[in-house]
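Everything below concerns the one structure shown next.
Read-outs: derived from the displayed coordinates by stated rules, not from any lab. Worth saying up front: this structure is predicted, and the values here are computed from it rather than measured. FYI the Cβ positions are ideal-geometry reconstructions off the backbone, even for glycines, and counts take in every protein chain you see.
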Amino acid sequence: MPKSQVRKKKVYTPPTDVRPTTAPSSRKPSPVWLPITAVALIVAGIGWLVVYYLSEQQYPVMAWGYWNLAVGFGAMVASLALLSRWR
């Protein structure tokens, strides 16, 4: 069986008036406090939940009851929101 011929394709180069210019990036790097705050919120949220479970639901705030879970998980979700803005 004879081998078919391979066609050579031309490399596409857009016209100069349509070609996008390489402008410098306008995105600024994240401030130093952002990852530090995010890690602190993760640690605080985990610490809050651990204290809540180990104290048999008496600490950190006994009157809040199961809302202590919302505080712990809320701190961790807030840290994820901060980390989504990290560049």
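How big is the Kirkwood radius of region 33-83, worked out from every pair of different alpha carbons and given in Å to one decimal? It is 10.9 Å. Enumerate the residues in region 71-87 having an amide nitrogen under 14 Å from the point lying 7 Å beyond the Cα of VAL50 toward its Cβ. Zone members listed by number: none at all.
Note on VAL77 and TYR12: the model spin-label points, each 7 Å out from Cα along the C-beta direction, lie 4.4 nm apart. With helices as the sole contributors, the chain gives -15500 deg cm²/dmol at 222 nm; each DSSP H run of n ≥ 4 counts as -39500 (n - 2.57), and the sum is divided by every residue. In the chain, a dipole from Cβ-located charges (positive for Lys and Arg, negative for Asp and Glu) runs towards its positive end, and of TYR59, VAL32, GLY47 it is VAL32 whose Cα lies farthest in that direction. May I ask for the angle, rounded to the nearest 10°, between helix 67-83 and the longest principal axis of the chain, with both axes built from Cα atoms and the value confined to 0 to 90°? Result, in degrees: 30. For the chain, a Kirkwood radius taken over Cα pairs fed into Stokes-Einstein (4 °C, viscosity 1.567 mPa s) yields D = 72 µm²/s.
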